1. Over the Cα atoms of region 100-158, what Rg and Dmax result, in angstrom?
2. Name the residues whose placed amide hydrogens come within less than 5 Å of the amide hydrogen of Ser237, ignoring near sequence neighbours (fewer than 5 apart) on the same chain.
3. Please list log₁₀ I(q)/I(0) at q = 0.09, 0.10 Å⁻¹ for the chain, using the Debye equation with identical point scatterers on the alpha-carbon positions.
4. State the extension gain, in nm to one decimal, for the chain segment bounded by Lys449 and Asp559, taking 0.36 nm per residue of separation less the distance between their alpha-carbons.
5. Compute the distance from the alpha-carbon center of region 683-715 to that of region 65-87, in whole Å.
6. Determine the per residue accessible area of region 507-613 with all protein chains present and a 1.4 angstrom probe, expressed in square angstrom.
7. If packing is taken as the average number of other Cβ atoms within 10 Å across a peptide's residues, how do 343-352, 252-261, 569-578 rank, most packed first?
8. Taking only Cα atoms, what is the 0 to 90° angle, nearest 10, from helix 435-448's long axis to the longest principal axis of the chain?
Amino acid sequence: MLIGYTDRYSARAGETIEVKVSSSFRCDYRADLVRLYSADPNPKGPGMDARPVPAAFEGTYPSVEKSAYPGSYALIPLAGQDDIRGATVSIRFQPRLEKDRPQTMLSLKAANGRAVSVSIEADGPTVDFDGTVTPVACRLELGVWYELRLGLTAADVRLAFYVVATGERIAHASVARPDNDGIFAELSLAARRRGDDASFMAHFFNGRLENPAITRGLHLPDALGPLPADDGAVLASWDFAQGIPTDTIRDRGPKSLDGKLVNLPARAVRGSRWTGAEMCWRHAPDEYAAIHFHEDDLHDCGWETDFRFDIPSDLQSGVYGIRLRCEGAEDIIPFFVRPAAGGKNAKIAVLFSTFTYQAYCNYPRTNYGPAYIARREAWGGYPHHPAQFPQFGRSLYDVHPDDSGVMFSSALRPQLLMRPGFFAYLDDKGSGLRHFPADMHLIAWCAAKDIAVDVVTDHDLDAEGVAALAGYDLVLTVSHPEYHTGRSLDAIQDFIRDGGNFGYLGGNGFYWRVATSAAFPGAIEMRRCESGVRMWQAETGEFYHAFDGHYGGLWLKNDRPPQRLVGIGMSAQGPFDASYYRRTAASRTPNFAWLFEGIEEEIIGDFGFSGGGAAGFELDCVDPSLGTPVETVVLASSEGHSAEYSCVPERIWNPDVHTREWQAEQIRADLCFLPMKGGNFVFSTGSIMFCGSLPANGYDNNVSRLLENLVRRCV
């Protein structure tokens, strides 16, 4: 396999992109630079278009196979800790997944490499002394909080398990251990060092851990009682309520033996002391003093950099790719080049939805099978599918093995959906593209129409605010700008307020709130809350992000409905098929003659490479009750959607009010125009599939003409 990733999505001309590659081939691989104009593998579509560009890094590089190591855990160095024979190690735990292999809750490793580990298995807990495993007679139930206590003596380890809610001791055992001087070098939580290679971790725990501690004396009573809390008794006590937005776990003990979390386990989750009185962890951090670990968490693959691309200061802004080739295999890693700082800008910017790409990163869907493979081979599409490579981590649409939702997604790993030639659906009427490959239909159209554009990303807006859009007369989104931070929304809102024209060329936009964090480069966090179209829902009391402490979920529920920003908002969704728009009387008034110049048809977009039409899959419509400005003019609305379409759940809460007839009326995409007081405008299409119609008939069609009229008006 030949695959790679870059250290970031975008960079300005004059900056540097780092490239990380894994190649399982025996010979060297070749790397070069291409500029991407089209990413559609459909032989009936606009085709694949990657044009070589000279670059200093071009050449051959040695093949080195690199691996991804998912699984979250904590490492705590114990350097300086005294002999802890005669002490008690304690931890609270809540198992969430039953497996037929060990799931290690904690492991103490001595300086000589010998270790004692406590795990749970399908039949109950076990104690492992350097490979000698002893079971403990105890049945543990999923979802129940327990406390484990280990009394360490020179001769044995004494274990007691308690049910936290009742205080009942449910198991008590003594296990002889090899002679040890009581000096430990490391405490690991939720995993342990792999026996054959101690540089790697194994036996990952799926569940929640809370408040590990080391206390002088043996404290294994018949019923659960508090541990001594005076300064002399506490050797170490790690308080997970401290530093929730970070990867550090704080020790309140005398030696401050702080530890580090690896691979982004979930914080700001309910612990054993949660009462339900507070729903936000910031208001009662002690009730959220737990960490949820998973065997498939992944933050950073950590691959070494193979080479760097020092972007020439005069390289034109656009979509580029690092092309890797070896023995017939090929991988193109897309990235975005912005104009050099202070450099010349085009008048138009295309805003790429990198937060959305990251949210869907490596989403396997459910359609991978013989029919998909046959089409991929026939079209020469991208050869790798996320279903084949779970080691590269999952998307915000997936659940972990314990059925908890995946709340974090990272860019620091191969991103298989974000590849030229990747198709998501077996689309009988088109190409079945989603996200990045689908969005390249807009870039292909710009090239065909000789319209100069710069590119910018969501991540740039989050980092720089409205300054990232300075100098542009028009900003166009791509097909699905679904995920945004508060800062990226502020940037768009400020751009429009300051007189910029904005074209929203998609559907289901500005929908979910995500958070970023300087403590976790490349990662985003998503808490799916009480409403919205969602594959999973965060547990009660866990709707606030750990990264920034803000309420997650829909922007609508955060009082920033998309209708207020762009006139329309998510109303309905259905299968991957599409219909068309029918023009309204308003579209034929003199005010909009310029926009519909050369378009006499009543029907707009009854064709295209996304489901066969311009209006479909996920639809947005106007709604004054949710903030659509009164000045908004609906120029066309879609119709004729199949019976499989349904209204989104956040708009339905009373069947007596939201009748079947009312819901049916909401199943439409409104193409609308919102004039602003400064003379600028917002133009919105309300459909994910709009841009898929641009290439039809060699870019000569009424959707293409409509957008061209809009763009020419601005420049």
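1. 12.0, 36
2. HN-HN under 5 Å from Ser237: Ile214, Arg252, Gly253.
3. Here the Debye-derived log intensity ratios amount to -0.83, -0.98.
4. Net length gain for the segment: 35.7 nm.
5. 56 Å
6. Per residue, region 507-613 has an accessible area of 34 Å².
7. The most tightly packed comes first, giving 569-578, 343-352, 252-261.
8. Once rounded, one gets 30 degrees.
The values are calculated or read from the model by the stated rules, or taken from the named source; none is laboratory data. Only a predicted model underlies this, so the values are computations on that prediction, with no experimental measurement involved. Please note: Cβ atoms are built from the backbone with ideal geometry, for glycine as well, and neighbour counts cover all protein chains shown. Only protein heavy atoms, including side chains, enter the accessible area calculation; ligands, DNA and RNA are left aside. Shrake-Rupley method; radii C 1.70, N 1.55, O 1.52, S 1.80 Å.
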